[in-house]
1. Conditions first: (1) surrounded by fewer than 22 Cβ atoms within 10 Å (Cβ to Cβ); (2) within 19 Å of the chain's Cα centre (by Cα); (3) under 30 Å from residue 110 (Cβ atoms); (4) aliphatic (A, V, I, L, M). Residue 186 passes all but one, so which condition is the exception?
2. Across the range 192-211, which residue is nearest to residue 156 (Cα to Cα) among those that are of a type in the set (Gly, Ala, Ser) and not in a strand (DSSP E or B)?
3. I'd like the full set of residues that are buried (at least 20 other Cβ atoms within 10 Å of the Cβ), more than 21 Å from residue 280 (Cβ to Cβ) and of a type in the set (Gly, Ala, Ser), limited to the range 32-66.
4. What is the residue count in the range 173-183 for residues that are among the aliphatic types (A, V, I, L, M) and buried (at least 19 other Cβ atoms within 10 Å of the Cβ)?
5. At least 1 residues that are in contact with a His (Cβ under 9 Å, 6 or more places away or on another chain) and either of a type in the set (Val, Ile, Thr) or without any contact (Cβ under 8 Å) to a residue 40 or more places away in the chain (or both) in each: list the strands (runs of 3 or more DSSP E) lying fully within the range 87-140 that qualify.
6. Restricting the range 123-147 to residues that are out of contact with any strand residue (DSSP E or B) (no Cβ under 7 Å at 6 or more places or on another chain) and surrounded by fewer than 15 Cβ atoms within 10 Å (Cβ to Cβ), which is nearest to residue 253 (Cα to Cα)?
7. I need the full set of residues from the range 141-152 which are within 27 Å of the chain's Cα centre (by Cα) and in a helix (DSSP H, G or I), in order please.
Amino acid sequence: MSHTTTRRSALTLLAGLVALAGAPTTHAQAFPSKPLTLVVPFPAGGGPDLAARVFAEKLAPRLGQAVVVENRPGAGALLGAGVVAKSAADGHTLLFTPNTVVISPHVLAPGAGGGVDVQRDLMAVIAPATTPMVLLASPQLGANNLKAALDLIRKTPGMPYGSPGNGSPMHFAGEMFQRAAKVDLLHVPYRGVAPSITAALGGEVKLLFTGLGGAVQHIKSGKLVPLAVTERARSELMPEVPTATEQGVPGVEVEAWYGVFAPKGTPAAVVTRLNQEFNAVLQMPDVRSKLTAAGLELVGGTPQQLEAFVKADHQRYGTLARELNIKAD
């Protein structure tokens, strides 16, 4: 996934809709026949949970059924993924997850979360959004920019940094940052975005690698200080914050996307219907406003686009996990 305006534009979303407009839906006419569940494999209050609830609210009237968000955290998103993989393959139980679910098998013990494999056990529906990756500091650190932060980090070897979990994209960003900046940091994983942000707000950790979603309100209030974007390019949502590469720490490029998955074997017509409905919700002005305000960049498109993201991340993070020696803490 590259950070380009084209990817995030309304044209991308419309292209997905147009491409799917002629897809057969005869076999999906009976769908849905009961309420739907969006399983979020992280605690309530974080970016994935907030985004899932926005979609749940808008999908319900379009589908004519209630859409419930169920939080099932644990094992780096694999527990929630396993719940969905074992559900009936009828489209009524879906996984709404960040790409942590693709990364975790490379760093957790074999069989973690029941040994679920996204490519084997789940079907791609849509990648609704990405969240810009950032390095934040607690005001207690006493640094307002990356150079000042690095000076303090080098004077305090072993300074802890927080992330939303072991094997998360943010964990990888932290380890890549250590390698690129040649500093000594201690990783402290939390059980999701919300707990990690709470820890940073309370000064439990003075550095935090996280997605912008879930943290944007605290940045605006001054309770957390953005030091760098840990991606290839600056975010349109926070253009004033330079990348780590721009500030002399090259190669810290990690992306966090959200994906919606159904159990393997879900009828193609049901997947098509779900994809169409998610794309339609993404076109709603109030949804676009809410998600953007929550620190998300909109994507959308086809199931095949999400499949490509999964394949690319599986290969990339497998390599990085070996290079950086990232394992379960």
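Just so it is clear, none of the values below were taken in a lab; they were calculated from the coordinates. On a predicted model such as this, the values are computed, not experimentally measured, just so you know. In this analysis, Cβ positions are derived from the backbone assuming ideal geometry, glycine residues included, and neighbour counts consider all displayed protein chains.
1. (2)
2. 203
3. Of everything in the range 32-66, those that are buried (at least 20 other Cβ atoms within 10 Å of the Cβ), more than 21 Å from residue 280 (Cβ to Cβ) and of a type in the set (Gly, Ala, Ser) turn out to be 46, 47.
4. So the answer is 3.
5. Where strands (runs of 3 or more DSSP E) fall fully within the range 87-140 and carry at least 1 residues being in contact with a His (Cβ under 9 Å, 6 or more places away or on another chain) and either of a type in the set (Val, Ile, Thr) or without any contact (Cβ under 8 Å) to a residue 40 or more places away in the chain (or both), they are 122-131.
6. Among them, the one singled out is 147.
7. 141, 146, 149, 150, listed by residue number.
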